[in-house]
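A.B. asks: The structure that follows is given in the form of C-alpha cells.
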Amino acid sequence: MEFLISLYQALPVWIQILLKIVAILLPLILTVAYYTYAERKVIGYMQVRLGPNRVGPKGWLQPIADVVKLMFKEVLLPTKADRRLFLIAPMISLGTALAAWAVFPFNAGVVLADINAGLLYILALTSMGVYGVIIGGWASNSKYALLGSIRSAAQTVSYEIAMGFALVTVLMAAGSLNLGQIVAAQEGGFLHWFWLPLLPMFVVYFISGVAETNRAPFDVAEGESEIVAGFHVDYSGMAFALFFLAEYANMILVSALTALMFLGGWLSPFQGTFMESWFDWVPGFVWLVLKAFVFMFFYLWLRATFPRYRYDQIMRLGWKVFIPITIVWIVVVGVMQVYDIGWWFDQGGVR
Amino acid sequence: MTFQHFLFYLFTFFAVGAALMVITRRNPVHSALFLVLVFFNVAGLWMLAEAEFLALALVLVYVGAVMVLFLFVIMMLDVDLAALRAGFIRHLPLGLLVAAILFVEMIVVLGPAHFGLSVYVAPDPAPADYNNTAALGLSLFREHLYALEVAAVILLVAMIAAIGLTLRKRPETKRQVVSHQHRVKKEDRLRIIKMAAEEK
C-alpha cells in the first residue's frame with residue numbers, strides 16, 4: 001500500500017489528475033449501467049412484472065449485453081442531416097454531463113477541483129447540457145426531432161430559473177458557493193441539514209432537476225406517444241448510447257447534488273445523537289451514496305407512477321408556481337439569516 | 001511563454017476565429033452556434049483574468065439561457081437567405097464606412113497611448129484565498145448599492161413593458177383556471193337521475 005502511495009506521488013501532476021478523473025468516471029459509468037438495470041427491475045416490480053431476467057443470473061448481465069449491442073450497431077446518418085452537428089451533439093451532451101462531476105466533493109476534501117464557485121460551475125454546465133439535445137434535434141432534419149428539441153429548450157430554460165433561485169437560498173444559508181463548505185455548514189446532525197429550513201426549495205430543486213434532465217413526468221422532449229422519441233429519433237448505436245449515458249449521468253448528478261445540498265452530503269445522520277459513536281466506522285462516502293440512492297430511486301418511482309405532464313401544465317408549474325415560491329423563500333431565508341433564526345443561520349457573513 | 005500566455009492566445013484565437021465564422025456562415029443556426037463558441041472562449045479569457053464569477057455567469061446566462069432562446073427562435077423561423085443577401089452590394093459602402101470608423105476609434109481609444117501597460121499597470125495576481133464572488137458582491141452591495149438598485153428597477157420596468165406590449169387579451173381564447181378546476185365539486189358536474197329499468 002505504502003509502495004503504491006509513493007509510486008503515485010512520484011508521478012507527474014497531470015498523470016495524477018488523469019488517474020483521479022478515471023477514478024471518478026469509471027464508477028460513474030458502472031453506476032449508469034446498473035442504474036438502467038435497476039430502473040427496469042424497479043419499474044417491473046412496480047408494475048407486477050419481473051423485469052430483465054434472462055442474461056446472467058437474475059439478469060445481472062443485462063446492462064453489459066446492452067452495451068455490447070449498442071457498440072456494434074451501426075450509427076446511421078440521415079441523408080439530409082447536418083453531419084458534423086449530428087455527430088457533435090451527443091458528445092456535447094455527454095461532455096457536459098461528465099464535466100460537472102469535476103467539482104463534486106465525495107468526502108471532506110475528496111474532490112478533483114476544489115474551486116470557490118463550484119455551485120455556479122455546476123449550474124453553468126448543466127445549463128449547457130441542453131445544447132446536445134437542441135443541436136441533435138435540429139441536425140437530424142426531422143420534424144419529430146425538431147419538435148422534441150424545441151420543447152426541451154423551452155422547458156430547460158424555464159426550470160433553470162427556479163433551480164437557480166433554489167440554489168441561491170442554499171448559498172445564502174451556507175454563505176459559500178463551494179460545495180465542500182456547503183456541506184460543512186450543515187454539520188451537526190439530521191436537524192441541522194438544510195432540508196428543514198429550505199424545505200420548499202428542497203422540493204422545488206428536486207422537481208426542477210427532474211424537469212432539467214427531461215425525465216418522466218417531464219419527458220415531453222421524447223414523448224413517445226406523440227413525437228416517437230423526440231430529439232434522438234434518428235440516432236442509433238453508439239451515438240444514441242452517448243445521449244443515454246448523458247441522461248443517466250445527469251440524473252445521478254442531480255440526485256447526488258440534492259443529497260449534498262439539502263441532506264448533509266457525507267455527514268452522518270446520527271451526528272449529535274447517542275448513536276453517533278455506533279456509526280463512526282462508516283466512511284462519509286457511504287452516507288453520501290446512500291442519500292443519493294434515495295433520490296435515484298425517486299426518479300424511477302416517479303416514472304413508474306405518474307402520467308406525462310401536458311406541455312402547458314409544465315410551463316404553468318415552472319413559471320407560475322415554482323418561481324414565485326423560490327422568490328418568496330429567498331426573502332424568508334434573508335430574514336432568517338439577518339435575525340439568526342434557528343441553528344442554520346448563525347454563521348454570519350461571507351466565508 | 002508561460003502556460004497562462006498559451007491559454008490566453010488559445011482562447012483569443014478561438015474567440016476571434018469563431019467571431020469571424022459567425023458573420024461568414026450562411027446557415028443562421030451555424031452562426032448562432034459559433035456565437036456560443038465565442039462566449040465560451042471569452043469566458044475562458046475572463047477566467048484567466050481571475051474574474052471567475054463573471055466567467056461562469058457569462059456561460060450561465062448567455063450560453064445557457066440567451067443563446068438557447070436565440071436558437072429556439074432561429075430554428076422555428078424559416079429564414080430566407082436570398083433575401084438576406086440581396087442588398088449586400090448596395091449596402092457595402094455604408095458598412096465599410098461604419099467598420100472603418102469603429103476600427104479607427106478602437107485604435108485611438110484602446111491603443112497603447114491610452115490603454116497600455118504604462119497607463120493601467122497590470123494588477124498583482126490575487127492570493128490563493130481570494131474569493132472573486134464575495135469581492136464582487138461586497139463591492140456591489142456596499143459601494144455601488146444605489147447604482148445596482150437603479151439598474152434593477154430599470155430592468156424591471158423593461159421587463160414589465162415587454163410583457164405589457166406582447167400581452168393580448170382575446171375574448172375567444174379559452175384558458176384553464178386551475179383554481180376553478182380545484183374548486184369544482186361533484187354536484188357542479190354530475191347529475192344523478194333515476195330511471196326505470198328498461199327491458200330489451
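The values are calculated or read from the model by the stated rules, or taken from the named source; none is laboratory data. Source: prediction; values computed, not measured. Note that we place each Cβ from the backbone using ideal geometry, even for glycine, and neighbour counts take in every protein chain shown.
Here's the yes/no breakdown for (1) within 11 Å of another protein chain (Cβ to nearest Cβ); (2) modelled with pLDDT of 85 or more:
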residue: A:ALA124; (1), (2): yes, yes
residue: A:GLY132; (1), (2): no, yes
residue: A:SER142; (1), (2): no, no
residue: A:SER152; (1), (2): yes, no
residue: A:ALA162; (1), (2): no, yes
residue: A:LEU171; (1), (2): yes, yes
residue: A:GLY175; (1), (2): yes, no
residue: A:VAL183; (1), (2): no, yes
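A.B. asks: Return the total of residues in region A:172-191 being more than 19 Å from the chain's Cα centre (by Cα) and under 22 Å from A:GLY118 (Cα atoms). Before the answer, list the steps.
C.D. replies: First, the residues of region A:172-191 that are more than 19 Å from the chain's Cα centre (by Cα): A:172-176, A:181, A:184-191.
From what's left, under 22 Å from A:GLY118 (Cα atoms): A:172-176, A:181, A:184-187.
Qualifying residue count for the region: 10.
A.B. asks: Just a yes or no: is a residue in region A:174-185 touching an Asp or Glu at 6+ places or on another chain (Cβ under 6 Å) and buried (at least 18 other Cβ atoms within 10 Å of the Cβ)? Explain how you work it out, then say what you get.
C.D. replies: Let us first name the residues in region A:174-185 that are touching an Asp or Glu at 6+ places or on another chain (Cβ under 6 Å), namely none.
There is no residue in region A:174-185 that is touching an Asp or Glu at 6+ places or on another chain (Cβ under 6 Å) and buried (at least 18 other Cβ atoms within 10 Å of the Cβ).
A.B. asks: When you scan region B:109-125, how many residues do you find that are among the β-branched types (Val, Ile, Thr) and under 13 Å from B:ALA49 (Cβ atoms)?
C.D. replies: Step one: of region B:109-125, the residues among the β-branched types (Val, Ile, Thr) are B:109, B:119, B:121.
Now narrow it down to the ones that are under 13 Å from B:ALA49 (Cβ atoms): none.
So the count comes out to 0.
A.B. asks: Moving to a separate point now. From the list B:LEU84, B:LEU48, pick out the single residue that is modelled with pLDDT under 90, more than 30 Å from A:LYS143 (Cβ to Cβ) and not assigned by TED's automatic domain parsing to the domain that holds B:THR133. Working first, answer last.
C.D. replies: Values: B:LEU84 fails: more than 30 Å from A:LYS143 (Cβ to Cβ).
Unique residue meeting the criteria: B:LEU48.
A.B. asks: Kindly indicate the residue of region A:101-121 that is in contact with a Leu (Cβ under 7 Å, 6 or more places away or on another chain) and closer than 17 Å to A:LEU19 by Cα and also nearest to the other protein chains (Cβ to nearest Cβ) among those meeting that condition.
C.D. replies: A:VAL103
A.B. asks: Working only within region A:59-75, note down all residues that are more than 15 Å from A:TYR35 (Cα to Cα), surrounded by 14 or more Cβ atoms within 10 Å (Cβ to Cβ) and without any contact (Cβ under 8 Å) to a residue 12 or more places away in the chain. Let's see the steps before the verdict.
C.D. replies: Here is the first cut: in region A:59-75, the residues more than 15 Å from A:TYR35 (Cα to Cα) are A:68-75.
Okay, now just the ones that are also surrounded by 14 or more Cβ atoms within 10 Å (Cβ to Cβ), so A:70, A:73, A:75.
Within region A:59-75, no residue meets the criteria.
A.B. asks: I want to confirm something. Restricting to region B:133-162 and keeping residues that are aliphatic (A, V, I, L, M) and within 14 Å of chain A (Cβ to nearest Cβ), which single residue is nearest to A:ARG316 (Cα to Cα)?
C.D. replies: So in region B:133-162, the residues aliphatic (A, V, I, L, M) come out as B:134-136, B:138, B:140, B:145, B:147-148, B:150-162.
Within this subset, residues satisfying the condition of being within 14 Å of chain A (Cβ to nearest Cβ) are B:134-136, B:138, B:140, B:152, B:156, B:159.
Values: B:ALA134: 34, B:ALA135: 37, B:LEU136: 34, B:LEU138: 36, B:LEU140: 34, B:ALA152: 25, B:LEU156: 21, B:MET159: 19 Å.
Result: B:MET159.
Quick grid of which residues meet (1) without any contact (Cβ under 8 Å) to a residue 12 or more places away in the chain; (2) in a loop (DSSP other than H, G, I, E, B); (3) among the aromatic types (Phe, Trp, Tyr):
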site	(1), (2), (3)
A:LEU267	no, yes, no
A:TRP278	yes, no, yes
A:TRP281	yes, yes, yes
A:VAL286	yes, no, no
A:PHE293	no, no, yes
A:PHE297	no, no, yes
A:LEU300	no, no, no
A:ARG308	no, yes, no
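A.B. asks: Against the condition outside any loop (DSSP other than H, G, I, E, B) and within 14 Å of chain A (Cβ to nearest Cβ), how does B:LEU165 come out, does it pass? Write out each step before concluding.
C.D. replies: Numbers: outside any loop (DSSP other than H, G, I, E, B): yes; within 14 Å of chain A (Cβ to nearest Cβ): no.
Here the answer is no, as B:LEU165 does not meet what is asked.
A.B. asks: Within the bounds of region B:168-189, is there any residue that is within 13 Å of chain A (Cβ to nearest Cβ), surrounded by 10 or more Cβ atoms within 10 Å (Cβ to Cβ) and within 26 Å of B:GLU52 (Cα to Cα)?
C.D. replies: The answer is no, given that none of the residues of region B:168-189 is within 13 Å of chain A (Cβ to nearest Cβ), surrounded by 10 or more Cβ atoms within 10 Å (Cβ to Cβ) and within 26 Å of B:GLU52 (Cα to Cα).
A.B. asks: Then there's this: Evaluate region A:95-105: report whether one residue or more is in contact (Cβ under 8 Å) with a residue 24 or more places away in the chain, assigned to a loop (DSSP other than H, G, I, E, B) and among the hydrophobic types (A, V, I, L, M, F, W, C).
C.D. replies: yes
A.B. asks: Within region A:3-26, can you find the residues that are touching a residue at least 60 places away in the same chain (Cβ under 8 Å) and either touching a helix residue (DSSP H, G or I) at 6+ places or on another chain (Cβ under 8 Å) or of a type in the set (A, V, I, L, M) (or both)? Working first, answer last.
C.D. replies: Applying the first criterion (touching a residue at least 60 places away in the same chain (Cβ under 8 Å)) to region A:3-26 yields A:17, A:20-21, A:24-25.
Matches in region A:3-26: A:ILE17, A:ILE21, A:ILE24, A:LEU25.
A.B. asks: Right, another one. Just the residues that are free of Cβ contacts under 8 Å to residues at least 40 places away in the same chain, surrounded by 10 or more Cβ atoms within 10 Å (Cβ to Cβ) and not in a helix (DSSP H, G or I), please, taken from region B:92-150.
C.D. replies: Within region B:92-150, B:GLY111, B:GLY116, B:ASN131, B:HIS144 meet the criteria.
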